[in-house]
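The values are calculated or read from the model by the stated rules, or taken from the named source; none is laboratory data. Just so it is clear, the model here is predicted, and its values are computed rather than measured. We place every Cβ from the backbone using ideal geometry, glycine too, and count neighbours over all the protein chains shown. The protein model used for the area step is the full one, side chains on, heavy atoms only, and it has no ligands, DNA or RNA in it. Shrake-Rupley method; radii C 1.70, N 1.55, O 1.52, S 1.80 Å.
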Amino acid sequence: MPFFQPKVTPLPSGIDLQGKSAVITGASAGLGLETARQLLTLNLSTLVLAVRNESKGKACMEALLADLDISSKSPTIKILKLDVNDNTSIISFSKTLPQILPVVDILILNAGISRLKHNPSPTGHEESVQVNYLANTLLLATLLPYLTTSASQTGSPTRITWVGSRMHEIMTSFPKKSPLVTHTSILEYLDAKSTISPFSRYADSKLLCAMFMYSLAPRVDPRKIVLNMVCPGMVDTGISDFLPVYWRVLVDLVKAVRARSVEVGGWLIVNAAVVAGEESHGRFLGDKEVLEVSKYIRSEAGREVQENLWDETMVELRKITTLPEELR
Ligand SMILES: NC(=O)c1ccc[n+]([C@@H]2O[C@H](COP(=O)([O-])OP(=O)(O)OC[C@H]3O[C@@H](n4cnc5c(N)ncnc54)[C@H](OP(=O)(O)O)[C@@H]3O)[C@@H](O)[C@H]2O)c1
(Lines give C-alpha, C1' and ligand atoms only; values in the text may rest on other atoms or scores of the structure.)
Protein backbone atom coordinates (compact mmCIF):
# COMPACT_ATOMS: atom_id res chain seq x y z
CA MET A 1 0.00 0.00 0.00
CA PRO A 2 1.45 3.41 -0.92
CA PHE A 3 1.98 5.92 1.91
CA PHE A 4 -0.34 8.45 0.28
CA GLN A 5 -3.69 6.86 -0.31
CA PRO A 6 -5.30 7.25 -3.74
CA LYS A 7 -8.07 9.80 -4.14
CA VAL A 8 -11.57 8.37 -3.89
CA THR A 9 -14.40 9.53 -6.11
CA PRO A 10 -17.77 10.22 -4.49
CA LEU A 11 -20.72 7.87 -4.81
CA PRO A 12 -22.51 7.96 -8.17
CA SER A 13 -25.57 10.18 -8.28
CA GLY A 14 -29.05 8.72 -8.51
CA ILE A 15 -28.86 6.12 -5.71
CA ASP A 16 -32.30 5.93 -4.13
CA LEU A 17 -32.80 3.55 -1.21
CA GLN A 18 -36.43 4.37 -0.62
CA GLY A 19 -38.31 1.34 0.71
CA LYS A 20 -35.06 -0.36 1.75
CA SER A 21 -33.86 -1.25 5.23
CA ALA A 22 -30.41 -1.67 6.74
CA VAL A 23 -28.72 -2.78 9.93
CA ILE A 24 -25.28 -1.48 10.96
CA THR A 25 -23.26 -2.92 13.81
CA GLY A 26 -21.03 -0.54 15.74
CA ALA A 27 -23.21 2.33 14.49
CA SER A 28 -22.50 4.67 17.40
CA ALA A 29 -19.20 6.15 16.17
CA GLY A 30 -16.72 6.46 13.33
CA LEU A 31 -17.39 4.61 10.09
CA GLY A 32 -20.58 2.92 11.33
CA LEU A 33 -22.24 6.21 12.24
CA GLU A 34 -21.06 7.86 9.01
CA THR A 35 -22.38 4.92 6.94
CA ALA A 36 -25.71 5.34 8.75
CA ARG A 37 -25.73 9.04 7.83
CA GLN A 38 -24.93 8.36 4.18
CA LEU A 39 -27.53 5.58 3.76
CA LEU A 40 -30.20 7.82 5.29
CA THR A 41 -29.19 10.70 3.04
CA LEU A 42 -29.65 8.27 0.13
CA ASN A 43 -33.29 7.90 1.21
CA LEU A 44 -33.05 4.64 3.17
CA SER A 45 -36.48 4.03 4.74
CA THR A 46 -35.60 2.00 7.84
CA LEU A 47 -32.34 1.72 9.76
CA VAL A 48 -31.41 -0.29 12.84
CA LEU A 49 -28.45 1.07 14.76
CA ALA A 50 -26.92 -1.96 16.51
CA VAL A 51 -25.01 -0.49 19.46
CA ARG A 52 -23.54 -1.69 22.72
CA ASN A 53 -24.44 1.53 24.54
CA GLU A 54 -28.12 2.32 24.04
CA SER A 55 -27.97 5.88 25.40
CA LYS A 56 -25.08 6.66 23.04
CA GLY A 57 -27.13 5.06 20.26
CA LYS A 58 -30.12 7.23 21.14
CA ALA A 59 -27.94 10.36 21.01
CA CYS A 60 -26.69 9.23 17.56
CA MET A 61 -30.25 8.68 16.38
CA GLU A 62 -31.26 12.15 17.58
CA ALA A 63 -28.23 13.71 15.87
CA LEU A 64 -29.07 11.90 12.61
CA LEU A 65 -32.70 13.06 12.78
CA ALA A 66 -31.55 16.61 13.48
CA ASP A 67 -29.87 16.63 10.05
CA LEU A 68 -32.37 18.35 7.73
CA ASP A 69 -31.20 16.28 4.77
CA ILE A 70 -32.31 13.21 6.71
CA SER A 71 -35.34 14.40 8.68
CA SER A 72 -36.95 15.73 5.47
CA LYS A 73 -37.09 12.10 4.26
CA SER A 74 -38.85 10.88 7.47
CA PRO A 75 -36.95 7.59 7.91
CA THR A 76 -37.61 5.14 10.73
CA ILE A 77 -34.54 4.67 12.93
CA LYS A 78 -34.46 2.02 15.65
CA ILE A 79 -31.85 1.20 18.27
CA LEU A 80 -31.08 -2.40 19.17
CA LYS A 81 -28.56 -3.39 21.79
CA LEU A 82 -25.65 -5.48 20.56
CA ASP A 83 -22.45 -6.03 22.52
CA VAL A 84 -20.29 -8.18 20.28
CA ASN A 85 -18.03 -8.99 23.22
CA ASP A 86 -20.89 -10.97 24.79
CA ASN A 87 -22.42 -14.04 23.12
CA THR A 88 -25.66 -13.73 25.10
CA SER A 89 -26.10 -10.23 23.71
CA ILE A 90 -25.45 -11.49 20.15
CA ILE A 91 -28.01 -14.30 20.50
CA SER A 92 -30.57 -11.93 21.99
CA PHE A 93 -29.91 -9.41 19.17
CA SER A 94 -30.40 -12.07 16.49
CA LYS A 95 -33.69 -13.17 18.07
CA THR A 96 -35.05 -9.65 18.43
CA LEU A 97 -33.94 -8.18 15.09
CA PRO A 98 -36.52 -10.02 12.91
CA GLN A 99 -39.25 -8.91 15.35
CA ILE A 100 -38.45 -5.21 14.97
CA LEU A 101 -37.37 -5.43 11.30
CA PRO A 102 -39.19 -8.27 9.52
CA VAL A 103 -37.23 -7.80 6.27
CA VAL A 104 -33.68 -6.53 5.79
CA ASP A 105 -31.96 -5.45 2.58
CA ILE A 106 -28.48 -4.52 3.84
CA LEU A 107 -26.40 -5.72 6.78
CA ILE A 108 -23.14 -3.91 7.52
CA LEU A 109 -20.84 -5.83 9.88
CA ASN A 110 -18.77 -2.91 11.05
CA ALA A 111 -18.19 -3.08 14.84
CA GLY A 112 -14.51 -3.58 15.49
CA ILE A 113 -11.58 -2.75 17.71
CA SER A 114 -7.84 -2.41 17.32
CA ARG A 115 -5.84 -3.32 20.40
CA LEU A 116 -2.16 -3.84 21.08
CA LYS A 117 -2.59 -5.60 24.43
CA HIS A 118 -3.85 -9.09 25.03
CA ASN A 119 -7.21 -8.67 26.72
CA PRO A 120 -9.43 -11.59 27.73
CA SER A 121 -13.05 -11.44 26.62
CA PRO A 122 -15.82 -12.78 28.89
CA THR A 123 -16.40 -15.40 26.16
CA GLY A 124 -13.04 -17.00 27.02
CA HIS A 125 -11.33 -15.80 23.86
CA GLU A 126 -8.97 -12.88 23.34
CA GLU A 127 -11.01 -9.70 22.87
CA SER A 128 -9.84 -8.81 19.32
CA VAL A 129 -10.58 -12.36 18.15
CA GLN A 130 -14.01 -12.23 19.81
CA VAL A 131 -15.05 -8.73 18.70
CA ASN A 132 -13.58 -8.67 15.21
CA TYR A 133 -13.99 -12.32 14.26
CA LEU A 134 -16.02 -14.75 16.38
CA ALA A 135 -18.86 -12.30 17.04
CA ASN A 136 -19.38 -11.83 13.31
CA THR A 137 -19.38 -15.57 12.67
CA LEU A 138 -22.05 -15.98 15.37
CA LEU A 139 -24.08 -13.11 13.92
CA LEU A 140 -23.91 -14.71 10.49
CA ALA A 141 -24.75 -18.18 11.82
CA THR A 142 -27.78 -16.91 13.71
CA LEU A 143 -28.99 -14.43 11.07
CA LEU A 144 -28.51 -16.42 7.84
CA PRO A 145 -32.05 -17.90 7.78
CA TYR A 146 -33.54 -14.42 8.31
CA LEU A 147 -31.26 -12.86 5.69
CA THR A 148 -32.23 -15.58 3.18
CA THR A 149 -35.95 -15.23 3.89
CA SER A 150 -35.60 -11.47 3.49
CA ALA A 151 -34.24 -12.01 -0.03
CA SER A 152 -37.25 -14.18 -0.92
CA GLN A 153 -39.53 -11.40 0.27
CA THR A 154 -37.76 -8.50 -1.45
CA GLY A 155 -36.96 -10.43 -4.63
CA SER A 156 -33.31 -9.25 -4.47
CA PRO A 157 -30.29 -10.70 -2.71
CA THR A 158 -29.74 -9.43 0.80
CA ARG A 159 -26.45 -7.55 0.90
CA ILE A 160 -23.88 -8.23 3.60
CA THR A 161 -20.83 -6.00 3.71
CA TRP A 162 -18.23 -6.83 6.34
CA VAL A 163 -15.68 -4.13 7.13
CA GLY A 164 -12.23 -5.70 6.96
CA SER A 165 -8.71 -4.38 6.72
CA ARG A 166 -5.83 -4.76 4.27
CA MET A 167 -3.69 -5.04 7.41
CA HIS A 168 -4.64 -8.75 7.24
CA GLU A 169 -2.16 -9.03 4.41
CA ILE A 170 0.53 -6.58 5.51
CA MET A 171 0.84 -7.11 9.27
CA THR A 172 -0.27 -10.68 9.92
CA SER A 173 1.96 -12.89 12.08
CA PHE A 174 0.79 -16.07 10.35
CA PRO A 175 3.39 -16.49 7.60
CA LYS A 176 6.20 -16.01 10.13
CA LYS A 177 4.83 -18.14 12.95
CA SER A 178 2.73 -20.79 11.42
CA PRO A 179 0.31 -22.03 14.06
CA LEU A 180 0.26 -25.30 12.14
CA VAL A 181 3.78 -25.94 13.35
CA THR A 182 3.73 -24.61 16.86
CA HIS A 183 0.10 -24.99 17.87
CA THR A 184 -2.64 -27.46 17.24
CA SER A 185 -5.40 -24.86 17.20
CA ILE A 186 -5.57 -21.52 15.37
CA LEU A 187 -7.93 -20.01 17.92
CA GLU A 188 -5.70 -21.20 20.76
CA TYR A 189 -2.74 -19.59 18.99
CA LEU A 190 -4.57 -16.28 18.82
CA ASP A 191 -6.03 -16.52 22.31
CA ALA A 192 -2.67 -17.24 23.93
CA LYS A 193 -1.12 -14.40 25.90
CA SER A 194 2.41 -14.40 24.60
CA THR A 195 2.42 -15.66 21.05
CA ILE A 196 1.45 -12.60 19.04
CA SER A 197 3.28 -9.33 18.61
CA PRO A 198 1.07 -6.38 19.62
CA PHE A 199 1.17 -5.00 16.06
CA SER A 200 -0.13 -8.24 14.58
CA ARG A 201 -3.11 -8.67 16.88
CA TYR A 202 -5.52 -6.54 14.83
CA ALA A 203 -4.20 -7.83 11.50
CA ASP A 204 -4.49 -11.46 12.59
CA SER A 205 -8.08 -11.02 13.74
CA LYS A 206 -8.90 -9.42 10.37
CA LEU A 207 -7.12 -12.27 8.56
CA LEU A 208 -9.55 -14.69 10.19
CA CYS A 209 -12.45 -12.51 8.97
CA ALA A 210 -11.17 -12.56 5.37
CA MET A 211 -10.65 -16.34 5.50
CA PHE A 212 -14.13 -16.92 6.88
CA MET A 213 -15.68 -14.68 4.23
CA TYR A 214 -13.85 -16.62 1.49
CA SER A 215 -15.06 -19.93 3.00
CA LEU A 216 -18.66 -18.85 3.56
CA ALA A 217 -19.33 -17.18 0.20
CA PRO A 218 -19.29 -20.39 -1.89
CA ARG A 219 -21.71 -21.97 0.61
CA VAL A 220 -24.44 -19.33 0.16
CA ASP A 221 -26.59 -18.78 -2.91
CA PRO A 222 -25.66 -15.38 -4.39
CA ARG A 223 -29.23 -15.07 -5.68
CA LYS A 224 -30.19 -14.85 -1.99
CA ILE A 225 -27.14 -13.32 -0.33
CA VAL A 226 -24.31 -11.23 -1.72
CA LEU A 227 -21.48 -11.14 0.79
CA ASN A 228 -18.39 -9.00 0.38
CA MET A 229 -15.69 -7.44 2.55
CA VAL A 230 -14.29 -3.93 2.22
CA CYS A 231 -11.26 -2.10 3.51
CA PRO A 232 -11.76 1.67 3.44
CA GLY A 233 -8.04 2.40 3.95
CA MET A 234 -6.79 4.48 6.83
CA VAL A 235 -9.65 6.65 8.05
CA ASP A 236 -9.60 9.34 10.70
CA THR A 237 -11.81 7.78 13.41
CA GLY A 238 -11.43 7.05 17.11
CA ILE A 239 -10.16 3.51 16.50
CA SER A 240 -6.63 4.44 17.63
CA ASP A 241 -7.77 6.34 20.76
CA PHE A 242 -6.92 3.30 22.90
CA LEU A 243 -3.19 3.68 22.20
CA PRO A 244 -0.78 4.82 24.92
CA VAL A 245 -0.10 8.56 24.59
CA TYR A 246 3.38 8.15 23.06
CA TRP A 247 2.00 5.94 20.29
CA ARG A 248 -1.06 8.11 19.77
CA VAL A 249 1.07 11.19 19.09
CA LEU A 250 2.89 9.31 16.34
CA VAL A 251 -0.26 7.76 14.88
CA ASP A 252 -2.06 11.11 14.96
CA LEU A 253 0.83 12.63 12.98
CA VAL A 254 0.57 9.87 10.37
CA LYS A 255 -3.20 10.22 10.30
CA ALA A 256 -2.89 13.97 9.77
CA VAL A 257 -1.06 13.45 6.48
CA ARG A 258 -2.42 10.11 5.39
CA ALA A 259 -5.89 9.33 6.73
CA ARG A 260 -9.07 9.78 4.77
CA SER A 261 -11.98 11.67 6.24
CA VAL A 262 -14.76 9.58 7.72
CA GLU A 263 -16.99 10.80 4.87
CA VAL A 264 -14.67 9.26 2.27
CA GLY A 265 -14.44 6.04 4.35
CA GLY A 266 -18.25 5.94 4.42
CA TRP A 267 -18.43 6.27 0.62
CA LEU A 268 -16.33 3.12 0.34
CA ILE A 269 -18.55 1.09 2.68
CA VAL A 270 -21.72 2.31 0.95
CA ASN A 271 -20.09 1.55 -2.40
CA ALA A 272 -19.45 -2.07 -1.32
CA ALA A 273 -22.97 -2.49 0.06
CA VAL A 274 -25.01 -0.68 -2.56
CA VAL A 275 -23.04 0.08 -5.73
CA ALA A 276 -20.84 -3.02 -6.16
CA GLY A 277 -22.82 -5.71 -7.92
CA GLU A 278 -23.25 -9.44 -7.49
CA GLU A 279 -19.78 -9.93 -8.98
CA SER A 280 -18.42 -8.70 -5.63
CA HIS A 281 -19.82 -11.81 -3.89
CA GLY A 282 -17.03 -13.52 -1.96
CA ARG A 283 -14.58 -10.75 -2.86
CA PHE A 284 -12.44 -8.39 -0.82
CA LEU A 285 -12.69 -4.79 -1.97
CA GLY A 286 -9.74 -2.50 -1.32
CA ASP A 287 -11.37 0.91 -1.69
CA LYS A 288 -13.60 0.18 -4.71
CA GLU A 289 -11.39 -2.40 -6.42
CA VAL A 290 -11.68 -6.16 -6.06
CA LEU A 291 -8.34 -7.35 -4.64
CA GLU A 292 -6.61 -10.61 -5.32
CA VAL A 293 -6.74 -13.08 -2.42
CA SER A 294 -3.65 -12.37 -0.28
CA LYS A 295 -0.41 -14.22 -0.99
CA TYR A 296 -0.55 -15.96 2.39
CA ILE A 297 -4.16 -17.12 2.02
CA ARG A 298 -3.28 -18.48 -1.44
CA SER A 299 -0.25 -20.37 -0.10
CA GLU A 300 -0.47 -24.02 0.90
CA ALA A 301 -0.10 -23.14 4.59
CA GLY A 302 -2.73 -20.42 4.26
CA ARG A 303 -5.21 -22.74 2.56
CA GLU A 304 -4.73 -25.31 5.31
CA VAL A 305 -5.24 -22.67 8.01
CA GLN A 306 -8.39 -21.46 6.26
CA GLU A 307 -9.83 -24.99 6.23
CA ASN A 308 -8.87 -25.66 9.84
CA LEU A 309 -10.22 -22.28 10.90
CA TRP A 310 -13.59 -23.12 9.35
CA ASP A 311 -13.74 -26.42 11.25
CA GLU A 312 -12.65 -24.84 14.54
CA THR A 313 -15.15 -22.03 14.13
CA MET A 314 -17.97 -24.51 13.52
CA VAL A 315 -17.00 -26.32 16.73
CA GLU A 316 -17.17 -23.00 18.61
CA LEU A 317 -20.49 -22.03 17.03
CA ARG A 318 -22.08 -25.41 17.74
CA LYS A 319 -21.47 -24.79 21.46
CA ILE A 320 -23.65 -21.67 21.24
CA THR A 321 -26.23 -22.15 18.50
CA THR A 322 -27.73 -24.55 15.97
CA LEU A 323 -25.94 -24.16 12.67
CA PRO A 324 -27.94 -23.15 9.60
CA GLU A 325 -27.66 -25.52 6.61
CA GLU A 326 -25.00 -23.37 4.87
CA LEU A 327 -22.62 -23.96 7.79
CA ARG A 328 -23.26 -27.66 8.35
N1 LIG B 1 -10.45 3.63 10.87
C2 LIG B 1 -9.70 2.94 10.03
O3 LIG B 1 -8.62 3.40 9.57
C4 LIG B 1 -10.14 1.57 9.57
C5 LIG B 1 -9.46 0.98 8.49
C6 LIG B 1 -9.86 -0.28 8.04
C7 LIG B 1 -10.92 -0.92 8.67
N8 LIG B 1 -11.53 -0.34 9.73
C9 LIG B 1 -12.63 -1.07 10.37
O10 LIG B 1 -13.79 -0.26 10.38
C11 LIG B 1 -14.65 -0.66 11.45
C12 LIG B 1 -15.11 0.57 12.20
O13 LIG B 1 -13.97 1.17 12.80
P14 LIG B 1 -13.86 2.73 13.10
O15 LIG B 1 -12.57 3.18 12.52
O16 LIG B 1 -15.11 3.43 12.75
O17 LIG B 1 -13.66 2.66 14.69
P18 LIG B 1 -14.37 3.44 15.88
O19 LIG B 1 -14.55 4.86 15.53
O20 LIG B 1 -13.59 3.08 17.08
O21 LIG B 1 -15.82 2.76 15.93
C22 LIG B 1 -15.95 1.42 16.30
C23 LIG B 1 -17.41 1.10 16.52
O24 LIG B 1 -17.48 -0.27 16.96
C25 LIG B 1 -18.20 -0.30 18.17
N26 LIG B 1 -17.78 -1.38 19.06
C27 LIG B 1 -16.57 -1.60 19.61
N28 LIG B 1 -16.63 -2.65 20.46
C29 LIG B 1 -17.91 -3.08 20.43
C30 LIG B 1 -18.61 -4.10 21.12
N31 LIG B 1 -18.02 -4.88 22.01
N32 LIG B 1 -19.92 -4.27 20.84
C33 LIG B 1 -20.56 -3.48 19.95
N34 LIG B 1 -19.96 -2.47 19.30
C35 LIG B 1 -18.65 -2.28 19.55
C36 LIG B 1 -17.95 1.04 18.83
O37 LIG B 1 -18.95 1.27 19.80
P38 LIG B 1 -18.83 2.50 20.88
O39 LIG B 1 -19.32 3.72 20.14
O40 LIG B 1 -19.74 2.07 21.98
O41 LIG B 1 -17.39 2.58 21.28
C42 LIG B 1 -18.04 1.95 17.61
O43 LIG B 1 -19.38 2.21 17.29
C44 LIG B 1 -13.84 -1.65 12.29
O45 LIG B 1 -14.23 -2.96 11.96
C46 LIG B 1 -12.40 -1.41 11.83
O47 LIG B 1 -11.59 -2.54 12.00
C48 LIG B 1 -11.18 0.90 10.19
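Some observations on this one:
- Debye intensity ratio in log₁₀ form over the Cα atoms of the chain, taken at each q of 0.08, 0.11, 0.16 Å⁻¹: -0.34, -0.66, -1.53
- Computed from backbone phi with θ = phi - 60° and the Karplus coefficients 6.51, -1.76 and 1.60, the 3J(HN,Hα) list for segment 42-48 is 8, 5, 3, 7, 9, 9, 9 Hz; x is used for glycine and proline.
- Beta bridges from DSSP with both residues in segment 21-321: antiparallel share about 10 percent, rounded to the nearest 5.
- The trypsin sites (Lys or Arg not before Pro) of segment 118-192 that DSSP puts in a loop, and whose beta carbon has at most 12 other beta carbons within 10 Å, are Lys176.
- Report summary: the helix-based calculation at 222 nm, which adds -39500 (n - 2.57) for every DSSP H run with n ≥ 4 and divides by the residues of the chain, gives -13000 deg cm²/dmol.
- Positive dipole terminus of segment 21-321, leading residue within Thr184, Ser74, His281 (C-beta point charges): Ser74
- The alpha-carbon of Lys295 sits under 20 angstrom from the alpha-carbons of these aspartates and glutamates, leaving out residues fewer than 8 places away in its chain: Glu169, Asp204, Asp287, Glu304, Glu307.
- For the chain, built as a Gaussian network whose Cα springs stay under 10 Å, the top-fluctuating residue of Leu317, Leu227, Leu207: Leu317
- Restraint check, Lys206/Lys288; Lys73/Lys255; Lys7/Lys177; Lys117/Lys255; Lys224/Lys319; Lys117/Lys319, Cα-Cα greater than 29 Å: Lys73/Lys255; Lys7/Lys177
- Using C-alpha pairs below 8 Å separated by at least 6 residues, the relative contact order for the chain is 19 percent.
- Of the residues Asp191, Asp287, Asp86, the one that moves most in a GNM of the chain with alpha-carbon contacts below 10 Å is Asp86.
- The chain - percent of accessible surface contributed by carbon and sulfur, probe 1.4 Å: 54 percent
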